[in-house]
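Novice: This is the structure I want to talk about, given as structure tokens.
The values are calculated or read from the model by the stated rules, or taken from the named source; none is laboratory data. Every value quoted in this text rests on a predicted model; they were computed, and no experiment measured them. In this analysis, Cβ positions are derived from the backbone assuming ideal geometry, glycine residues included, and neighbour counts consider all displayed protein chains. We work out accessible area using only protein heavy atoms, side chains counted, and drop any ligands, DNA or RNA first. Shrake-Rupley method; radii C 1.70, N 1.55, O 1.52, S 1.80 Å.
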Amino acid sequence: MKIMIRSSVRKMSIICVAIASLTGCDQPGVSQSKVAYIDIAKVLSESSIGKQEAQRNQDVRNVLVKADADAKEKYKEMSPKQQQQSSSADTLVLNQLWAAEQQHTRDLSVKAIADEAEKYRVNQKLDYVLNGATVVSADKKNDVTQAIIKQLEGKKVDYGDLPKISVSENVKETENPTEAPQDAGAESSVEH
């Protein structure tokens with residue numbers, strides 16, 4: 001009998017604790033998080049940060065196109081086999097550099113947006129500012145995208161120096177056509 005009473009008391013205690021912890025959960029202002037969200041894609045397309053990113057990517061593209069044209073000019077002095085090897089190696093290097101530069105630029109743009117979102121969160125006393133792409137359902141009043149875009153006006157992002165690419169003069173032919181020639185083609189140096 002004592003065991004049943006203890007068991008009943010224990011169950012009743014657990015139920016009372018659960019009810020007490022749930023009390024007030026549906027009342028506004030009682031331990032509810034203040035949440036907002038931003039549409040990062042929209043911020044990138046409409047803000048000054050997005051325009052700076054687009055300009056930076058165009059500047060990098062221009063450098064890469066010029067390097068490609070310079071390399072093709074050097075190909076004229078090579079045998080057809082060397083031309084093919086150098087062209088393949090140069091294309092690989094330039095494509096890798098292009099992808100790395102785009103990623104670097106995007107990372108810095110998103111960091112600038114996140115920094116402004118953090119400032120907004122602190123100023124507005126919010127608990128969270130989420131990426132709108134991951135929000136399944138929310139009230140539009142919690143969308144602070146336009147406020148972040150406005151906050152980004154005039155903000156400049158330092159993307160660093162443009163890549164420096166030089167075309168080598170010396171070419172050593174390789175035996176294996178899939179192997180890139182040594183000392184040939186575009187070389188790049190970029191520090192971030």
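Novice: Quick one: in the stretch 115-132, of everything that is open to solvent by 90 Å² or more (accessible area, probe 1.4 Å) and either in a loop (DSSP other than H, G, I, E, B) or among the small types (Gly, Ala, Ser) (or both), which residue is nearest to ILE40 (Cα to Cα)?
Specialist: Result: GLN124.
Novice: Being in contact (Cβ under 8 Å) with a residue 40 or more places away in the chain, among the aliphatic types (A, V, I, L, M), open to solvent by less than 50 Å² (accessible area, probe 1.4 Å) and touching a Gly at 6+ places or on another chain (Cβ under 8 Å): is that true of ALA67 here?
Specialist: no
Novice: I would also like to ask the following. Please pick out the residue among ALA112, ALA69 that is under 18 Å from PRO163 (Cα atoms) and part of a helix (DSSP H, G or I).
Specialist: On inspection, the qualifying residue turns out to be ALA69.
Novice: A further question on this structure: Search the stretch 148-165 for residues that are closer than 15 Å to ILE40 by Cβ and pair each with any residue that is open to solvent by 60 Å² or more (accessible area, probe 1.4 Å) when their beta-carbon atoms are under 6 Å apart and the residues are at least 6 apart or on different chains.
Specialist: Cβ pairs passing all conditions: ILE149/GLU46.
Novice: Identify all residues within the stretch 83-114 that are small (Gly, Ala, Ser), open to solvent by 50 Å² or more (accessible area, probe 1.4 Å), closer than 19 Å to GLN55 by Cα and in contact (Cβ under 8 Å) with a residue 24 or more places away in the chain; write none if there are none.
Specialist: ALA100
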